[in-house]
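First up is the structure itself, then whatever we jot down about it.
The values are calculated or read from the model by the stated rules, or taken from the named source; none is laboratory data. Keep in mind that this is a model prediction, so the values were computed, not measured. A quick note on method: Cβ atoms are made from the backbone with ideal geometry, for glycine too, and the neighbour counts reach across all protein chains shown.
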Amino acid sequence: MTTDPSGESAVVDAETDRPLYRFGSPEERTRAITHSLLLVAGAFLVAGLLGAAAVDVLGLLGLTEESEPVAVTLASTSVHFGGFLLVCVGYVAWQDCRSLVPASLPSVRSLAVIAVGFVVLLGSLNALEVLFAQFGLEPADNVAIEAGRDNPRLYLYMIPVVILLNSPAEELLFRGLVQGRFRRAYGVVPGILAASAVFGAIHYVALVGSGSQLVYVAIAAAAGLILGAAYEIAGNLLVPIAIHALWNVAIYFLLYAEATGVL
């Protein structure tokens, strides 16, 4: 057992004490809120600065959103999530809190959680979209989906991005660190709820188009609940990363098929 710089005990590989509810010390509760908010704000700040710098560098090379929309979108998106990873890895190193983000090769049980979690995610989010559609509400699109409407090949190029950068970055930040911090202070259930609420809310900034932004936020928050539950069941961060990646890959394949007339 080690002690991180904030004075809390940390097991190197994984936490074994995960009560559904708990009432941590005032320090733990304050740390959960302040560290989570600063982590998310810091991740977006660094990602935004790096993304803008990437676009500027591409512009100097003669690559602009007008001339090469696919290349610019891919580069800015990749750098954006690279910024997320940079902040998260830096935080784990600074706080010496490796136990917040347990990850290992999936066991048979973890593979089963991935399979069931993906099916539940697929069914639940589709059911939510159908439900909202009954009230004439459709979710807004995110920037990458909107950009791909005129350039369908972008959907295929986004697949390695979501597998290697997007899914690991978002799950490390929201499930690993934010949910982990709230779990230590308040328990498993409040941890899942808090991380899912933040996960849904931050998707608001990436939306464009005429659809309902609140519907998209609600769907993202629901996805967060499922991913958070899968993470707690498996105790392995690679599980929600895999489910998240499978979901995004399925979306991009479907969008590409629709845009090219395959479906």
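Here are the numbers:
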| item | result |
| --- | --- |
| Some residue of the stretch 114-132 being among the charged types (D, E, K, R), assigned to a helix (DSSP H, G or I) and under 21 Å from PRO168 (Cβ atoms) | no |
| Residue match in the stretch 91-108 (condition: more than 30 Å from HIS35 (Cβ to Cβ), hydrophobic (A, V, I, L, M, F, W, C) and out of contact with any helix residue (DSSP H, G or I) (no Cβ under 7 Å at 6 or more places or on another chain)) | yes |
| Tabulated pairs, the stretch 62-77, first under 17 Å from ILE159 (Cβ atoms), second assigned to a loop (DSSP other than H, G, I, E, B), C-beta under 6 angstrom, 6+ apart or interchain | VAL70/ASN151; ALA71/LEU63 |
| Test for ALA257: is it more than 16 Å from the chain's Cα centre (by Cα), closer than 23 Å to PRO152 by Cβ, assigned to a helix (DSSP H, G or I) and among the small types (Gly, Ala, Ser) | yes |
| Tabulated pairs, the stretch 240-263, first closer than 30 Å to SER110 by Cα, second outside any helix (DSSP H, G or I) and basic (Lys, Arg), C-beta under 9 angstrom, 6+ apart or interchain | LEU255/ARG149 |
| Hey, PRO160 of a type outside the set (A, V, I, L, M, F, W, C) and either within 11 Å of the chain's Cα centre (by Cα) or farther than 21 Å from VAL89 by Cβ (or both) or not | no |
| Some residue of the stretch 156-167 being within 29 Å of THR30 (Cα to Cα) and at pLDDT 95 or above | yes |
| Selected residue [in a loop (DSSP other than H, G, I, E, B), among the hydrophobic types (A, V, I, L, M, F, W, C) and in contact (Cβ under 8 Å) with a residue 12 or more places away in the chain] from LEU105, LEU58 | LEU105 |
| The stretch 13-38 - residue that is touching a Lys or Arg at 6+ places or on another chain (Cβ under 8 Å) and either among the charged types (D, E, K, R) or closer than 15 Å to LEU177 by Cα (or both) and, of those, modelled with the lowest pLDDT | ASP13 |
| Checking TYR91 against (1) more than 17 Å from ALA144 (Cα to Cα); (2) without any contact (Cβ under 8 Å) to a residue 40 or more places away in the chain; (3) among the hydroxyl-bearing types (Ser, Thr, Tyr), the condition it does not meet | (2) |
| Qualifying residue in the stretch 81-91 (condition: in a loop (DSSP other than H, G, I, E, B), under 20 Å from the mean Cα position of the chain (by Cα) and more than 19 Å from HIS244 (Cα to Cα)) | no |
